[in-house]
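Single-structure report; data block below.
The values are calculated or read from the model by the stated rules, or taken from the named source; none is laboratory data. Since this is a predicted model, take the numbers as computed values, not measurements. Note that we place each Cβ from the backbone using ideal geometry, even for glycine, and neighbour counts take in every protein chain shown. Quick note on the areas: whole protein, heavy atoms, side chains included, nothing else; ligands and nucleic acids left out. Shrake-Rupley method; radii C 1.70, N 1.55, O 1.52, S 1.80 Å.
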Amino acid sequence: MIPVYEIFVGILFLLAFVDLLVGVSNDAVNFLNSAIGSKVASFRVILIIASLGILIGTFSSEGMMTIARNGIFQPEFFPFDKVMVVFLAVMFTDVILLDVYNSYGLPTSTTVSLIFELLGSSLMVGLLILVDTDQSVSAIKDILNYKNALYILSGIMLSVVVAFFSGSIIHFFTRLLFTFRFRKNLVRFGSAFTGLSLTAIFYFLILKGAANSSWVPRESVSYLLENLWHVLLIAFVSFAIITEILMRTVGVNPLKIIVLAGTFSLAMAFAGNDLVNFIGVSIAGFTSYTLWVSSGLPAGDFMMDGLNRALSTPAWMLIISGIVMVITLWTNAKSRKVTETEVSLGRQDEGDERFQPNLFSRVLVGGALYMGKFTQRIVPPDLVSNIDRRFKKPLKKKSKNPPAFDLLRASVNLIVASALIAYGTSKKLPLSTTFVTFMVAMGTSFADRAWGLESAIYRVSGVLKVVGGWFLTALVAFLSGALVALALYYTSWVGVLVFVGICFYLLVRSHVRFQHREKTKKEFEAKVIQKELIQFSDLVIESRENTLKTMKRIQKLLRLSFDGLRNEHFRSLANEQREMESLVRNIDKLNTQLFKYIRRLEESDSQGGRYYLQVINQLQNLTQSAVFIATTVLEHRRNLQSIPGKSFQRTLNIVENRLKWHVNLLTDTDVVHPVNGTELDKNQQEFLLIIERELDKTVTLVQQSKVNIRMAQLEIRILMELKDIVNEIHTLYKLQLQCSRPRG
């Protein structure tokens with residue numbers, strides 16, 4: 001006889017291992033973004049400190065494991081064989097869902113995923129049990145632990161608001177005290193601020209977060225709580241004195257102490273609060289199995305009310321989980337991808353924005369600007385002036401890789417986030433560490449006025465999309481958990497094996513695609529020049545590479561557009577819509593990067609900046625013309641309108657061949673090209689003459705009513721854009737010829 005349930009438990013542990021990998025990849029941003037964004041230390045040092053926090057934090061997670069056992073559903077309603085369906089469905093869904101988010105670099109909430117997967121799968125299995133046992137629909141109230149589930153969900157939603165406003169308000173007054181030129185103020189207040197910060201971390205992390213852990217002696221916890229104010233006062237004075245000594249003797253920056261200690265505490269709080277999201281369900285399945293085995297009853301007859309008892313988690317499971325989390329933190333590239341998203345949304349300086357504006361972000365930013373102007377009218381001008389002066393940012397020196405934000409903001413990020421998460425852990429409330437840390441970071445960046453007029457609409461749009469992704473996660477997790485549970489309920493071990501295969505396939509495919517996408521991105525995007533000051537020759541090489549890549553994509557887009565007009569089938573062009581959007585985004589990124597290059601150029605070399613500006617402008621015009629042609633053709637064909645006549649088709653063939661010659665000429669890598677300027681001008685004039693003749697022909701056909709208006713509009717639009725393309729290519733080549741000659 002096949003040991004089915006033993007295999008199920010083994011699969012649960014295998015899924016827990018995989019879930020730890022994909023979960024930490026996504027949640028690493030929670031405790032890494034502040035340290036990485038502020039460049040407080042090397043990446044290696046940051047990972048070492050975070051790893052220690054994770055290992056210690058796993059031992060404070062035991063109290064949270066009850067969430068998976070009885071926090072969402074009522075286990076006494078389920079027999080053993082059915083509760084295993086619930087647990088397996090949750091784990092299959094969680095692994096797949098989290099890996100999808102990791103692949104696209106979006107920080108999602110593992111807590112929200114777990115809660116809604118448990119809700120969906122347990123509700124589905126409970127309803128199926130009601131149907132199979134002919135119970136009344138009124139018994140549905142016995143399936144879920146509604147009161148506790150509502151308590152958890154309301155806590156998660158409330159934490160979003162509390163985190164944002166806590167981060168905003170606390171950081172506003174912190175920045176008001178220290179300003180952006182905080183070195184002098186650190187000498188005055190640094191030791192006191194560090195003492196206060198470390199005391200807050202000590203209170204929330206040790207006294208509140210770890211107090212419920214079995215590894216902390218009860219007597220010690222009771223003594224500390226009874227003498228709380230004395231303990232906190234001693235801690236504050238001790239931390240402040242030690243910091244002052246370090247500042248005066250070895251010149252230690254107190255903010256670095258706070259950021260590194262905060263990274264440790266936040267990693268510890270994360271492990272304590274979020275470990276249940278990765279292994280809690282699997283441990284609940286293992287516990288259910290041991291209870292069933294000891295009962296001696298058939299799997300369908302043994303009810304799982306034993307999960308309501310106080311049960312301890314084996315220490316070896318926690319230790320192994322902590323080790324796996326640390327290894328993942330050091331080795332997984334996807335964790336860095338997710339970290340990039342949050343750091344980019346909170347950075348202090350302008351630059352390339354990952355998210356595009358939308359209507360909601362425009363409304364919010366517009367409303368905020370209106371409220372700001374209204375506030376300025378009622379607040380005394382002197383007060384506004386003093387605040388503005390303290391929030392004035394100093395001019396920054398040229399740097400090839402500056403931090404996204406300073407140590408002061410990183411300190412507040414870590415203090416506030418770790419305090420909120422540790423407090424939630426003490427209340428056995430599975431706060432979403434992603435929600436809390438992300439919203440605290442957004443709140444502090446907002447208070448720092450990082451969301452200026454030029455960037456606010458992009459940052460707000462990014463925050464809305466990330467938060468919207470969290471709520472979408474809840475819906476997807478609920479429905480997916482229910483559907484997987486439905487499938488497993490009727491297919492038993494066969495369905496389990498099928499889903500194991502599906503998970504394996506999706507994870508392998510996701511990994512391969514992620515690696516390919518990252519490689520392609522690095523190859524395609526204009527590479528960042530690492531020199532502090534770049535030379536004109538660097539810009540020439542850089543512009544040629546960008547021109548080559550962009551022109552190849554433009555040529556492909558035009559070829560597909562012409563094919564769409566020659567053939568009945570236009571699906572290839574329709575499939576290139578993303579290519580069009582990507583092409584436009586790439587030019588925008590090059591445009592943004594242009595100014596980074598100009599800042600790094602030697603101040604006497606204005607010609608280099610002017611040359612690169614001309615190249616980007618020409619590429620932008622070429623891209624707009626090519627996308628306009630492709631969009632016009634696609635709209636024409638989607639409306640099921642006829643293709644142009646044979647005369648226009650012949651002209652398109654000639655144009656395509658001529659374009660191929662011009663593009664090949666432009667993208668030739670040889671510096672000394674056999675075509676001289678006179679021959680190039682001659683070819684350009686011949687090319688334009690062909691287009692002019694076809695334009696005249698179309699106008700004549702319109703006058704003679706031999707062509708319908710829509711077809712004439714289509715042909716004229718294409719021909720006019722082709723004229724622009726020819727001229728832009730000609731200008732680009734002339735620029736390259738000029739730059740191939742020696743300067744001076």
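Here are the numbers for the structure shown:
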{"item": "Residue within segment 515-527 that is under 31 Å from the mean Cα position of the chain (by Cα), modelled with pLDDT under 60 and open to solvent by less than 30 Å² (accessible area, probe 1.4 Å) present", "result": "yes"}
{"item": "Selected residue [under 30 Å from Ala149 (Cβ atoms), of a type in the set (A, V, I, L, M, F, W, C) and at pLDDT below 85] from Leu483, Leu475, Leu507", "result": "Leu507"}
{"item": "Single condition Thr731 does not satisfy, out of (1) more than 18 Å from Leu659 (Cα to Cα); (2) in contact (Cβ under 8 Å) with a residue 40 or more places away in the chain; (3) touching a helix residue (DSSP H, G or I) at 6+ places or on another chain (Cβ under 6 Å)", "result": "(1)"}
{"item": "Enumeration of residues in segment 133-163 that are more than 22 Å from Leu118 (Cβ to Cβ), of a type outside the set (Val, Ile, Thr) and either part of a loop (DSSP other than H, G, I, E, B) or at pLDDT 85 or above (or both)", "result": "Asp134, Ser136, Ala163"}
{"item": "Qualifying residue in segment 40-61 (condition: closer than 26 Å to Leu118 by Cα, of a type outside the set (Gly, Ala, Ser), modelled with pLDDT under 90 and in contact with a Pro (Cβ under 7 Å, 6 or more places away or on another chain))", "result": "no"}
{"item": "Ala284 vs. criteria open to solvent by less than 40 Å² (accessible area, probe 1.4 Å) and at pLDDT 80 or above", "result": "yes"}
{"item": "Qualifying residue in segment 266-277 (condition: closer than 30 Å to Thr110 by Cβ, crowded, with 23+ Cβ neighbours inside 10 Å and of a type in the set (S, T, N, Q))", "result": "yes"}
{"item": "Any pair with Cβ under 6 angstrom, 6 or more apart, that starts in segment 84-101 at a residue that is free of Cβ contacts under 8 Å to residues at least 12 places away in the same chain and more than 12 Å from Gly23 (Cα to Cα) and ends at one that is open to solvent by 10 Å² or more (accessible area, probe 1.4 Å) and among the small types (Gly, Ala, Ser)", "result": "none"}
{"item": "Condition check for Val112: part of a helix (DSSP H, G or I), open to solvent by less than 10 Å² (accessible area, probe 1.4 Å) and at pLDDT 90 or above", "result": "no"}
{"item": "Single residue of Ser238, Ser312 found to be of a type in the set (Ser, Thr, Tyr) and more than 39 Å from the chain's Cα centre (by Cα)", "result": "Ser238"}
